[in-house]
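Novice: I have a structure here, written as structure tokens, and I will follow up with some questions on it.
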Amino acid sequence: MNIILIFLLLCYNITGGLLPDPNLPGSFFVQMAIAYATGFIVPCYFPFYVYKAFGLEKMKFHAFKGVFLFLLLPYILFVLTFAVTNDLNKAKDLLVLPVAYALWVIYTLGKAIRHKYHNTFHSYDSREEITVLLFSLTPWVGLPIIDFLNLGQAVEASVTNTGFLLLLGLHVKRHIRQLREEHQKLIDSEQRLMNWNTSLQKEVAKRTKELERINEQKTTTFVNLAHETKTPLTLINNYLEEYISKNGTSDEMNIIKRNMDKLSHDIINFFDLERFNKGMVVYNHDLVSNFSEILKDALILFREFGKKRKIEIHGKVEDDVYLKADPVAIIRVVNNLIENAIKFSNDDCIIEVVLQTQDDQVFFSVKDCGIGIPPEMHKKVFEPYYQIANLKRNTQGMGLGLPIVKKVVDDLNGEVKLESDPKMGPGTTITVALKKHVLAIGEEVLAINQSKKPLAPMPDVGIKENVYDATKPAILVVEDNTAMVNYLIKKLSECYNVFAALNGNDALKKIKTLPVLPDLIISDVMMDKVDGYTFVRILSNDPSYSHIPFIFLSAKSTRDDKLQGLRLGAIDFIQKPFSFQELAGKISSILAHAGKQKRAVLSSALNALAGPDNTRLRSTTDDFEKNCKLYHLTTREKDIAKLICEGYKYKEIGDTLFISERTVTKHVQNIFEKVDVSNKIELINRLEG
């Protein structure tokens, strides 16, 4: 806008100063038309300029309509009159209209200024701006008046240019003031932002400190709790060993002892890791250890243990390898690495353990025969409590073995290297590099006797299922801990046929090979390959299995976990640790309820088949029930007998009750023996007579 104003001002001064001039091209008419044109155009622009630049809302009509009607249109009439009459004075008579309009514009300008500044009229800045606007704009708007009165070019140029300079000065000052205000606002905003950032940083620091304090309290509470368990664990373990030495061992005692040792092992790992994290001294590395002897002793123990899964441990151990390290720390490294290798290896394979030196370095490596660890997880497995989901086993610990190894090795300024990639092939190799110690003459080597068993012994991996009994309901147990599976099989097999699988994937395969469909499924949630939630979701989508009642038995204990299990269709969600009496009561109740439902459906179907003659059917049914009780038929046998009486074939009975035809045949043989008959006709007469 300022550029346009300056351009118009230049045009006005040039044309007003030069024209008319006989030495310039163009006739007198053309030169005067151009000179008067600039004198009209500049006043036409000023209403628009003050409307936009100074926000004078009252000037809107003149900015967009008035100047065209009362300035440009009279100018066109002025030019036409001058062209026709060739008399400039007659043409000037037409300037009466622009002169009157100029007075109107000046009056409106005053009103516009008063309207804008009515609330700030008494301030110095406002009065200064009002005065300058009036003195600077009035001459320009009144140009037609000056031309009409023939006041001369000098007066016209002096008055208008003075007004322009005043207007320009006012606009520059106003612009500078706006810049200063915006700059101050920017400074204030920046200050507020800095204050906000400072407050935010303080709040974040305060919250972080609070969270650290809460976390420290939780950790301390957990450590104290774990510490308090060490004494009772020690007492229980000692009394248990004393009892075993006096009275001998048994399967139950072995399970208790094995799980006690595992719990003690996890507690020790937890304590060591927390002491490492707090910067406490855990081991005395001023001692000298014989790495070779420690590893040889460990291999003897672990080889015996690996035989249960047909795992061979091949050891290549260099003699007289010494380290400046606490022997207990070296034992922890050896036991954790070999124990992990056994845990995550497949059955019937070979684990390679190597100890060798090269220059001043000692290299200890363990290579397992498991599925391997993806490269993106190599760093994560050394983080505390991290566990690879697809490697979950029933011997899974707390995820502290490898972090303990890493802490010990770092404490000795050594290095741990992991090599594994399932895409390239199975197996994982973990190598520990430590600085070799040269034994000085007379230097003492601390002798540490290892326990006669590994720190966390591996449980038996076999599942001991009982022989199928067609007279008992069937239960499928899906649990990845073999000790828990065998416990449930032993306790439940007195009343039920108990089948077992170690994960959801195995269960999906096994359920298709069972002699009878399970009457109930009990499943863990956290399992390898296919977890419990996925397992029940797959079964619920299969019409052949969707009717089977389902119970979750899991260590997961949050409300969301339970709700998720129930939403998937489970009858109940029992949390570990649990009471077996409670579990047995729920199983009995669920199976009894399921039996009632089956009998109700069967009775409804039979009543529907009987049609109007249902009185006789009820009488027959009553006799049938009494006779079944008389001959001590089980619930399943009663259902089969009822279908035989209705003329169903063995295959149709199996389809109706979701059991195999072979199972139906075996039940029928038992029914014949109890009722003392040899064929269906005799059975029907005996039960319905």
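Novice: Is the shape of region 474-590 best called rounded, prolate or oblate, per the rule: a/c under 1.5 gives rounded, else a/b larger than b/c gives prolate, else oblate, with a ≥ b ≥ c the square roots of the Cα gyration tensor eigenvalues? Present the calculation step by step, with values, prior to reporting the outcome.
Specialist: Working: a/c = 1.28, a/b = 1.01, b/c = 1.26.
Because its axes are fairly even, with a/c under 1.5, region 474-590 counts as rounded.
Novice: If you stretched the chain out fully between residue 246 and residue 7, how much longer would it get, using 0.36 nm times the residue separation minus the C-alpha to C-alpha distance? Mind showing how you got there, number by number?
Specialist: Details: separation 239, 0.36 × 239 = 86.04 nm, distance 11.68 nm.
That works out to 74.4 nm of additional length.
Novice: If the chain between residue 114 and residue 468 were fully stretched, how many nm would it gain, using 0.36 nm times the residue separation less the Cα-Cα distance? Working shown, then result.
Specialist: Working: separation 354, 0.36 × 354 = 127.44 nm, distance 10.66 nm.
Net length gain for the segment: 116.8 nm.
Novice: Ranked from highest to lowest mean number of other Cβ atoms within 10 Å per residue, what is the order of the peptides 243-253, 290-300, 497-507, 432-442? Write out the running numbers ahead of the final one.
Specialist: Working: 243-253: 10.9, 290-300: 19.3, 497-507: 22.8, 432-442: 13.5.
Output ranking for 243-253, 290-300, 497-507, 432-442: 497-507, 290-300, 432-442, 243-253.
Novice: Sticking with this one: Distance cut-off 31 Å, Cα to Cα: go down the list 65/116; 651/674; 629/649; 490/680 and report the pairs above it.
Specialist: Working: 65/116 21 Å; 651/674 22 Å; 629/649 23 Å; 490/680 37 Å.
Flagged as over cut-off: 490/680.
Novice: At 7 Å along Cα-to-Cβ for each site, give me the label-to-label distance between residue 440 and residue 181 in nm.
Specialist: So the two model labels end up 8.4 nm from each other.
Novice: Let me ask you something else. What's log10 of I(q)/I(0) for region 279-385 at q = 0.11, 0.14, 0.20 Å⁻¹, Debye sum over Cα points only, no solvent?
Specialist: Per q value, in the given order, log10 I(q)/I(0) is -0.39, -0.63, -1.13.
Novice: Counting only other residues whose beta carbon sits under 10 Å from that of residue 590, what net charge do I get with K and R as +1, D and E as -1? Show your work: numbers first, answer last.
Specialist: Working: positive: 586; negative: 519, 572.
Charge balance in the 10 Å sphere: -1.
Novice: Across bins of 10 angstrom width beginning at 0, how are the C-alpha pair distances of region 52-107 distributed, in whole percent?
Specialist: Once binned at 10 Å, the Cα pair distances of region 52-107 give 23, 42, 24, 10, 1.
Novice: Could you put 57, 625 in order, starting from the residue whose Cβ has the fewest other Cβ atoms within 10 Å?
Specialist: On the way: 57 9, 625 14.
Ascending Cβ contact count within 10 Å gives the list 57, 625.
Novice: Right, next: Order these peptides, 403-410, 90-97, by their mean beta-carbon neighbour count within 10 angstrom, highest first. Walk me through the numbers before you get to the answer.
Specialist: Numbers: 403-410: 21.1, 90-97: 16.4.
Descending packing order for the listed peptides: 403-410, 90-97.
Throughout, read-outs are computed from the coordinates displayed, never taken from laboratory work. Note that this is a predicted model, so its numbers are computed, not measured. Ideal geometry is used to build each Cβ from the backbone, glycine not excepted, and the neighbour counts take in all protein chains shown.
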